[in-house]
Structure formats: structure tokens, C-alpha cells
1. Of all the residues that make up the stretch 151-208, how many are more than 25 Å from Val226 (Cα to Cα) and small (Gly, Ala, Ser)?
2. Within the stretch 242-273, restricting attention to residues that are among the acidic types (Asp, Glu) and modelled with pLDDT of 95 or more, which residue is farthest from Trp143 (Cα to Cα)?
3. May I ask you to list the residues in the stretch 24-58 that are more than 18 Å from Val196 (Cα to Cα) and either loosely packed, with under 13 Cβ neighbours inside 10 Å or not charged (D, E, K, R) (or both)?
4. Evaluate the following for His203: is it over 21 Å from Gly16 (Cβ atoms) and surrounded by 19 or more Cβ atoms within 10 Å (Cβ to Cβ)?
5. For Val56, only one of the following conditions fails: (1) over 19 Å from the mean Cα position of the chain (by Cα); (2) modelled with pLDDT of 65 or more; (3) hydrophobic (A, V, I, L, M, F, W, C); (4) in a helix (DSSP H, G or I). What is its number?
6. Scan Leu157, Leu206, Leu172 and give me the residue that is touching an Asp or Glu at 6+ places or on another chain (Cβ under 9 Å), among the hydrophobic types (A, V, I, L, M, F, W, C), within 29 Å of Leu279 (Cα to Cα) and in contact (Cβ under 8 Å) with a residue 40 or more places away in the chain.
7. Mind counting the residues in the stretch 256-286 that are polar (S, T, N, Q), within 27 Å of Asn223 (Cβ to Cβ) and in a loop (DSSP other than H, G, I, E, B)?
8. With of a type outside the set (Val, Ile, Thr), farther than 24 Å from Leu44 by Cβ, modelled with pLDDT under 85 and in contact with a helix residue (DSSP H, G or I) (Cβ under 8 Å, 6 or more places away or on another chain) as the only criterion, which of Gly182, Gly169 stands out?
Amino acid sequence: MRSAIAWLSWWAVMGGFLGAAWWLSPNGSPSAELVGTLTFANSLFLVVAEQLLPRVSSNNLLRDWQSVCDMLHGSLFQYGGRPLAQALGASAVTAASALFAGASGLWPHALPLAAQVVLGIVLWSLLNYVYHRSLHRFEPLWWFHAVHHDTRQMHLLKSGRIHVGEEFGQFLWVPTVFFVLGVSPEVMGWVALYNVVDGNLVHANLDQRFPSWAHWLLPTVQNHYVHHAEARRLQDSNYASLAFIDVLFGTYYHPERNAVAATGLAGDPLPRNFFRQLLYPFRSLLDPAAARGSPGPE
């Protein structure tokens, strides 16, 4: 029974929450309030599911002292960095409306909503790939991203363990492109909900099993586990939510061919205190020679 549930877990969670959004949306498009409610419900569901069907028994958010820092980072980017970046991005597009006036016609509004959502998810993943790879390639950006990688245990709360500076950059870059292209709020709502559920699933310590071929296409927890490996060679891979994007750019490592001995950062360079973690990237910018955990070449 456990094995059967594990084989169905990704499909059930992803399909269940997207299906609930469709069922609860009278016009077929989830409102911002509904996206927020389902986001909370998905997180709560996975917290419980991790306890009942753990992927790695030694990983548990209830026994991880960094869980407090994880929640603080998640709250700060959720209510600080992300809204500010989205507001600035929207304001910049509005101010430069004459410059981008023709760009909004590039989005294929005539396509069915489902096709637009699929296209939006692919575009979001591609834009995020560019940003994510940059975080690993350039040292000043890596020092922000290191907060997310500094984890010895993988569980749901690591999805939100993102430095507010990193989140600000991402949400100033990716949604701004969507605004410029004129993507409708309905499509953006679906893309946002998909990305929340996807982000939670690839970090969750929930037993999820897939056939070997699925890792080449789907956002599997095993693919992302490789990305969080302590070995730097493995960290610099599997950047995208959709694996085929990494395949196209030559940065894909199949989890069945690349075993992960441990997750986190070699040498544990980041402090354990939340406020010192917030200051870590800025201190590293001021004194690069003293920073540890720098990326080096890809």
C-alpha cells in the first residue's frame, strides 16, 4: 500500500490542488484569494503527509532546528521582497508603457486558456532557469542563494528558505517579462498556483516515485535533490522546474546516475542565526576574501 501511494503521490497532490482550483473557480480562473488559500492548504497538507509517508526517515521539520529560520525567511520574502518586487516591476512597465506598447501583442491571447497556462508555465520555468543559473555562476549572487542551499535536511520548509534579496531579484525579473508581454491575470494566477505546488513538492520530504523516463520531463523531487547535493558538481545542475530545459542547455543530471551522499554546503559556511543569515550576503559583498562557499566556475 505504501509503495502504491508513493507512486501516486505527485500526481494526486499536483492534480488534486489544480483540480480544486478549477472546481472552485466559477469562471475557470482562480482569484488571488483562492490561490492564497490553496497555497496555505497545500503547505499544511504536505506537513502532515511528510510525517505519514517520509521519503528520508532522518529528515523531519519537527526535529530540524533550522525550521524556525526557514519560516522566518519564508515570511519575509512572502510579505516583503515579493510584493515590493512585483509592485516595482509593474510600476516600471507602466512608466515605460510607450516603449513596451507593441510587446503586449506578442502573447497569444487567442489560444484556449489551458494552452496559455501551459505556455506560461514553460516561459516561467525558462526565465527562472536563466536567473537560477546566474545565482550559481556569479559570486555576489551566490552569496544570497547560499541561504537556500545551506540545508542538511530537505523538507517542506526549505521551499521558503530563500533570502529576501534573492526573492526580490527573481520577482523583479520574471513577472516583469509577463507584464511586458501582456499575459492576462487569469493565466498568471494558474502559473503562480502551479509554481507554489511544484516548489513545495520538490522540497517536501514526501515519498514520491517515478519511472526513470519521467525524470527527463517532470519536476521530480529526485531531480531537485541532486541540485541540493553537497557536491558542487551536482549543485550546478537541474536548475529548471521542467527538466527538459536543463536537457536542452546541457545542465541536466539524471538522479539515477548521480547519487547524492549529502545535501547542504561543504564546510557549513553560513551562520545558524537568522539575522546573521540575512547579513551574510552583504558582509560577503564587503569582504569577498572572507566569504566561504563561493561557486567558482560552473
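The values are calculated or read from the model by the stated rules, or taken from the named source; none is laboratory data. On a predicted model such as this, the values are computed, not experimentally measured, just so you know. Methodologically, a virtual Cβ is constructed for each residue, glycine included, from the backbone with ideal geometry; neighbour enumeration extends over all protein chains shown.
1. Selection size over the stretch 151-208: 3.
2. Glu256
3. Across the stretch 24-58, the qualifying residues are Pro26, Asn27, Gly28, Gln51, Leu52, Leu53, Pro54, Val56, Ser57, Ser58.
4. Spelling it out, it is not the case that His203 is over 21 Å from Gly16 (Cβ atoms) and surrounded by 19 or more Cβ atoms within 10 Å (Cβ to Cβ).
5. (4)
6. Just a single option satisfies the conditions, and that option is Leu157.
7. Residues in the stretch 256-286 being polar (S, T, N, Q), within 27 Å of Asn223 (Cβ to Cβ) and in a loop (DSSP other than H, G, I, E, B): 1 in total.
8. Checking each option against the conditions leaves just Gly169.
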